[in-house]
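Derivation of every value follows stated rules applied to the coordinates shown; laboratory data play no part. Values in this document were obtained by computation on a predicted structure and should not be read as measured data. Quick reminder, even Gly has a Cβ in these numbers, built from the backbone with ideal geometry, and neighbours come from all protein chains shown.
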Amino acid sequence: GQQVMQIPQYQHVQEGEDFTTYCNSSTTLSNIQWYKQRPGGHPVFLIQLVKSGEVKKQKRLTFQFGEAKKNSSLHITATQTTDVGTYFCAGNNAGNMLTFGGGTRLMVKP
Amino acid sequence: DGGITQSPKYLFRKEGQNVTLSCEQNLNHDAMYWYRQDPGQGLRLIYYSQIVNDFQKGDIAEGYSVSREKKESFPLTVTSAQKNPTAFYLCASSISGSGANVLTFGAGSRLTVL
């Protein structure tokens, strides 16, 4: 079945440093979604990418979808303490259920 | 405010007991889902329902049961057959069952087996 892998599993950064998490699928995806889960909270939708090579920005967050539609990345510029949480990618293949990656837990030192 | 309500937030259970977790949504979404999250891990799909009176097994359905008698409600029963039920359970909904739809999650229910 479809597998979605995320790396790294954990990342500690100093406030102000950049952060990137990578998502790789074993199959070509129709779309990919990104969610953020704050400590003790629930996942909240951030963005969806559909087109090959698509890049979307939300303030300090930049999301990319690979040309082959098998990988994606989330980059945060100049992290802040409010960025703390676990970031999940979730891929969809031709109308099947979303498959979530294992998540990257981001910790930010003030 | 539209959203998803899960209850209880915390639940303790003795081994051998069945427990039912409630999930109610007022978003008028057709599809509803149950996920399990273990510490430091991603979300694994237990069951999903794309329409009232119909539901499908997800990746880890063994030891769980669901019903979808109303559009707004999708309760999950964790049975005594579930060998390791201690986990964080998340209910979600989407406009339809298409994988392209965005999921809205409830706040979760944390189940601990004593």
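The single condition among (1) within 9 Å of chain B (Cβ to nearest Cβ); (2) surrounded by fewer than 14 Cβ atoms within 10 Å (Cβ to Cβ); (3) over 14 Å from the mean Cα position of the chain (by Cα) that residue A:10 does not meet is (3). Screening the candidates B:4, B:60 for the property of being free of Cβ contacts under 8 Å to residues at least 40 places away in the same chain and of a type in the set (A, V, I, L, M) yields one hit, B:60.
Run down A:40, A:53 and say which single residue is out of contact with any strand residue (DSSP E or B) (no Cβ under 8 Å at 6 or more places or on another chain) and free of Cβ contacts under 8 Å to residues at least 24 places away in the same chain. Don't jump to the end; show me each part of the working.
Numbers: A:53 fails: out of contact with any strand residue (DSSP E or B) (no Cβ under 8 Å at 6 or more places or on another chain).
Every option except A:40 fails the conditions.
Of all residues being in contact with an Asp or Glu (Cβ under 9 Å, 6 or more places away or on another chain) and outside any loop (DSSP other than H, G, I, E, B) in the range B:92-114, which is farthest from residue B:74 (Cα to Cα)? Just the residue, please.
Just the residues of the range B:92-114 that are in contact with an Asp or Glu (Cβ under 9 Å, 6 or more places away or on another chain), to begin with: B:93-97, B:106, B:113-114.
The next check asks that each one be outside any loop (DSSP other than H, G, I, E, B); those that pass are B:93-94, B:113.
Values: B:93: 10, B:94: 13, B:113: 22 Å.
By that ranking, first place goes to B:113.
Residue count for the range B:63-74, restricted to those that are within 27 Å of residue A:39 (Cβ to Cβ) and either surrounded by fewer than 21 Cβ atoms within 10 Å (Cβ to Cβ) or within 14 Å of chain A (Cβ to nearest Cβ) (or both): 0. Taken over the range A:68-85, the criterion of being farther than 19 Å from residue B:42 by Cβ and within 14 Å of chain B (Cβ to nearest Cβ) is satisfied by A:69 alone.
For the range A:36-55, a residue qualifies if it is more than 8 Å from every other protein chain (Cβ to nearest Cβ) and either crowded, with 16+ Cβ neighbours inside 10 Å or within 12 Å of the chain's Cα centre (by Cα) (or both), and the qualifying residues are A:36, A:37, A:46, A:47, A:49, A:54.
Which residue out of B:22, B:96, B:80 is surrounded by 13 or more Cβ atoms within 10 Å (Cβ to Cβ) and out of contact with any Pro (no Cβ under 9 Å at 6 or more places or on another chain)?
On the way: B:22 fails: out of contact with any Pro (no Cβ under 9 Å at 6 or more places or on another chain); B:96 fails: surrounded by 13 or more Cβ atoms within 10 Å (Cβ to Cβ).
Going through B:22, B:96, B:80 in turn, just one is surrounded by 13 or more Cβ atoms within 10 Å (Cβ to Cβ) and out of contact with any Pro (no Cβ under 9 Å at 6 or more places or on another chain): B:80.
With the condition kept exactly as written, say whether any residue in the range B:29-38 is closer than 21 Å to residue A:43 by Cβ, of a type outside the set (Val, Ile, Thr), touching a strand residue (DSSP E or B) at 6+ places or on another chain (Cβ under 8 Å) and loosely packed, with under 15 Cβ neighbours inside 10 Å. Yes, some residue in the range B:29-38 is closer than 21 Å to residue A:43 by Cβ, of a type outside the set (Val, Ile, Thr), touching a strand residue (DSSP E or B) at 6+ places or on another chain (Cβ under 8 Å) and loosely packed, with under 15 Cβ neighbours inside 10 Å. The residues on offer are A:65, A:88, and the sole one that is in contact with an Asp or Glu (Cβ under 8 Å, 6 or more places away or on another chain), on the phi < 0 side of the Ramachandran plot and within 14 Å of chain B (Cβ to nearest Cβ) is A:65.
Checking the stated criteria, residue B:41 turns out not to satisfy the condition of being assigned to a strand (DSSP E or B), closer than 29 Å to residue A:4 by Cβ, over 11 Å from the mean Cα position of the chain (by Cα) and not hydrophobic (A, V, I, L, M, F, W, C).
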